[in-house]
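Single-structure report; data block below.
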């Protein structure tokens, strides 16, 4: 790995802080700078972790290009993690922040990378795929989950999950749209300025130090509510908890990013679906059972049958393309991921409990 100076936007958030610490710990001579506006509650708790690992922190906002200019000379790689990550962002609220952060912020980062002649790894999302198309996937209903059916009419969907060939036409939420627009901007910067990039469309990411909420970070939220004895709710799709996501542990993502950094010449211009895959797929009902077993706690779970705007019944990643290109595959199961979250919650104590409890 030849990169000597890396900037991570959203670097005090869950994904950015974990990636920064992971890289700096394994490559002590590498300069790793994290920039973050600290607007998400709990991100301030990552500052001591970053400092202890030797990651430099800059208090800045990607919406303002001048804040990014403070990272110093010699930037060689930008890892773009900054985002308003809620799928519900913009529904019945101000649309400003999600668009300014996810699109304008990305463009500011690309301008910095262009001027520095730095490479870019862009963390996109499975939510670039349209809601209606995802909900038209034929499913079979089992006792505990929805599962992908055998016969499908749409391209890019099989028992292995959703591939990069899945249709992109249709509405997907402002969150998903802003991330897809950012992907398109990457292609324009690559064509106009020779910018080199890799896009990872991540499924649900989870692990220690995630300040989970109902609309983002659901697995950390589920574990925390069980540990702290707080109630939960199955929302939508009849309120039975059968909706499915594939979960990817943050350390599995870090291992992929490390592989990509060693093979950037070959992978330049690639877009990959990245997730836990079929083995990492789990329903909310199954997640409840896992959390009960891991924590030894049982909490009330209400049922809210009405499906919200933007909700999808099922998402499972087909990792075939990224595995063929890099040899990478996720190693941690949903149970492994939940166990690591519970262990962190028990060690973190009251500061985290005040946020997640």
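The values are calculated or read from the model by the stated rules, or taken from the named source; none is laboratory data. Predicted, not measured: the structure shown is a model, and the values here were computed from it. Ideal geometry is used to build each Cβ from the backbone, glycine not excepted, and the neighbour counts take in all protein chains shown.
Quick one: is residue 127 part of a helix (DSSP H, G or I), closer than 30 Å to residue 240 by Cα, free of Cβ contacts under 8 Å to residues at least 60 places away in the same chain and in contact with a helix residue (DSSP H, G or I) (Cβ under 6 Å, 6 or more places away or on another chain)? Don't jump to the end; show me each part of the working.
Details: part of a helix (DSSP H, G or I): yes; closer than 30 Å to residue 240 by Cα: yes; free of Cβ contacts under 8 Å to residues at least 60 places away in the same chain: yes; in contact with a helix residue (DSSP H, G or I) (Cβ under 6 Å, 6 or more places away or on another chain): yes.
In short, yes.
For the range 302-325, the condition holds for at least one residue, the condition being that it is surrounded by fewer than 23 Cβ atoms within 10 Å (Cβ to Cβ), over 21 Å from residue 179 (Cα atoms) and either free of Cβ contacts under 8 Å to residues at least 24 places away in the same chain or within 17 Å of the chain's Cα centre (by Cα) (or both). Only one of the listed residues (143, 188) is surrounded by fewer than 21 Cβ atoms within 10 Å (Cβ to Cβ), part of a helix (DSSP H, G or I) and free of Cβ contacts under 8 Å to residues at least 40 places away in the same chain. That residue is 188. Just checking, how many residues over the range 44-72 are farther than 17 Å from residue 25 by Cβ and out of contact with any helix residue (DSSP H, G or I) (no Cβ under 8 Å at 6 or more places or on another chain)? Total meeting the criteria: 6.
Only one of the numbered conditions (1) under 14 Å from residue 173 (Cβ atoms); (2) surrounded by 22 or more Cβ atoms within 10 Å (Cβ to Cβ) is violated by residue 123, and that is (1).
Can you name the residue in the range 51-83 that is assigned to a loop (DSSP other than H, G, I, E, B) and out of contact with any strand residue (DSSP E or B) (no Cβ under 9 Å at 6 or more places or on another chain) and, of all such residues, is surrounded by the most Cβ atoms within 10 Å (Cβ to Cβ)?
To start, the set of residues in the range 51-83 that are assigned to a loop (DSSP other than H, G, I, E, B) comprises 54-55, 60-64, 72-76, 81-83.
Add one more test, that the residue is out of contact with any strand residue (DSSP E or B) (no Cβ under 9 Å at 6 or more places or on another chain), and what stays is 63-64.
Numbers: 63: 19, 64: 14.
Residue satisfying both the conditions and the ranking: 63.
Looking only at the range 210-221, residues that are buried (at least 22 other Cβ atoms within 10 Å of the Cβ) and in a helix (DSSP H, G or I) come to 2 in all. If the condition is being surrounded by fewer than 20 Cβ atoms within 10 Å (Cβ to Cβ) and either touching a residue at least 60 places away in the same chain (Cβ under 8 Å) or within 22 Å of the chain's Cα centre (by Cα) (or both), then the range 147-168 contributes 147, 156, 158, 159, 160, 163, 164, 165, 167, 168. Report yes if some residue within the range 236-248 is modelled with pLDDT under 95 and under 28 Å from residue 354 (Cα atoms); otherwise report no. Taking every residue of the range 236-248 in turn, none turns out to be modelled with pLDDT under 95 and under 28 Å from residue 354 (Cα atoms). The set of residues from the range 34-50 being in contact with a strand residue (DSSP E or B) (Cβ under 8 Å, 6 or more places away or on another chain) and farther than 14 Å from residue 355 by Cα comprises 34, 35, 36, 37, 38, 47, 50. Condition check for residue 207 on (1) out of contact with any strand residue (DSSP E or B) (no Cβ under 6 Å at 6 or more places or on another chain); (2) surrounded by 19 or more Cβ atoms within 10 Å (Cβ to Cβ); (3) at positive phi; (4) modelled with pLDDT of 95 or more: one failure, at (1).
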